[in-house]
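Have a look at the structure below before the remarks.
None of the figures in this text is laboratory data; all of them are computed from the coordinates on show. From a predicted model like this one, the values you see are computed outputs, not experimental measurements. In this analysis, Cβ positions are derived from the backbone assuming ideal geometry, glycine residues included, and neighbour counts consider all displayed protein chains.
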Amino acid sequence: MSYDRLKAAIFDLIDRRLARFNYFASYPSRVAVMNDDGTVDLVPDDVRNDRGELVKMMPMVQRVPLRPGLPGVAIKVKKDSRVLLAFEAGDKGRPVATVWDASALEELKIVAGVKIVIDCPDVELGGEGGARVARTGDPVEVILPPTVVVTGFVGPPSPATALTGTITFSQRALGTVQASSKTTKSK
């Protein structure tokens with residue numbers, strides 16, 4: 001065996017041996033599967049060793065919990081999105097997925113007993129398929145009964161004139177939100 005081949009074999013052995021203990025590092029990974037239980041299956045990227053060769057650091061890691069970093073927050077990420085794979089306290093039995101690309105987010109769920117400020121184009125309250133939110137000043141479509149009986153007084157000039165009659169609506173009316181509930185207050 002030549003000296004170069006022996007040296008390469010020793011370096012490969014050292015690389016493989018050290019890779020087993022490098023659980024304090026974070027590994028860029030691809031999401032292979034978003035599981036129904038909120039975990040992901042990850043495929044860590046291959047890395048280049050000192051000689052510039054691609055080395056597979058570890059195989060697919062399955063059932064990895066997502067750690068968004070905020071209490072009460074649960075997320076779903078898209079297949080093939082990018083995340084960092086880390087290991088709590090360097091323990092290979094405690095993998096976690098953190099720090100993902102902005103385009104990776106598929107769903108964000110917040111469960112909290114405190115004030116929440118939200119700035120986004122679409123909001124549902126009360127769970128999946130819940131009530132949509134309209135902000136003060138948003139245009140809305142109003143559905144009115146086809147016929148409304150009207151009674152009252154019209155004025156000035158003084159004295160006011162009595163009014164009795166009906167109004168018939170042939171189509172939906174458009175309006176603007178003038179006030180909002182304190183529990184769904186928005187800009």
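Where a ≥ b ≥ c are the square roots of the eigenvalues of the C-alpha gyration tensor, would you call the range 133-184 rounded, which needs a/c under 1.5, or, failing that, prolate if a/b is larger than b/c, or oblate?
It comes out oblate by the Cα gyration axes.
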How large is the charge dipole for the chain, taken about the Cα centre, if only the Cβ atoms of Lys, Arg (+1) and Asp, Glu (-1) carry charge, to the nearest 20 debye? 340 debye
From the cross-link list Lys79/Lys109; Lys56/Lys92; Lys56/Lys79, which pairs have alpha carbons spaced over 27 Å apart? none
Compute the FRET efficiency between Arg132 and Leu84 as 1/(1 + (r/R0)^6), taking r as their Cβ-Cβ distance and R0 = 30 Å, and round to the nearest 0.05. 0.30
Just to be sure I understand, if you calculate Kirkwood radius over Cα pairs in Å for this structure, which of (1) 17.5; (2) 22.6; (3) 18.1 do you get? (2)
Work out from phi, with θ = phi - 60° and the Karplus expression 6.51 cos²θ - 1.76 cosθ + 1.60, the ³J(HN,Hα) of each residue of the range 30-36, listed in order in whole Hz, and give x for Gly and Pro. 10, 6, 8, 8, 9, 7, 4
Under 5 Å between amide H atoms, partner at least 5 residues away or on a different chain: which partners does Val40 have, H built in plane at 1.01 Å? Asn35, Arg63, Val64, Leu66
Could you calculate the FRET efficiency of Arg172 with Asn35 from 1/(1 + (r/R0)^6), where r is the beta carbon distance between them and R0 is 35 Å, rounded to 0.05? 0.20
What do you get for chymotrypsin sites (Phe, Trp or Tyr not before Pro) in the range 1-108 restricted to DSSP loop and a cutoff of at most 15 other Cβ within 10 Å of the site's Cβ? Phe24
Where does the charge balance sit around Arg63 when Lys and Arg score +1, Asp and Glu -1, over other residues with C-beta under 14 Å from its C-beta? 0
Counting other Cβ atoms within 10 Å, keep those with at most 15, restrict to DSSP loop, and tell me which trypsin sites (Lys or Arg not before Pro) in the range 28-83 are left. Arg51, Lys56, Lys78, Lys79
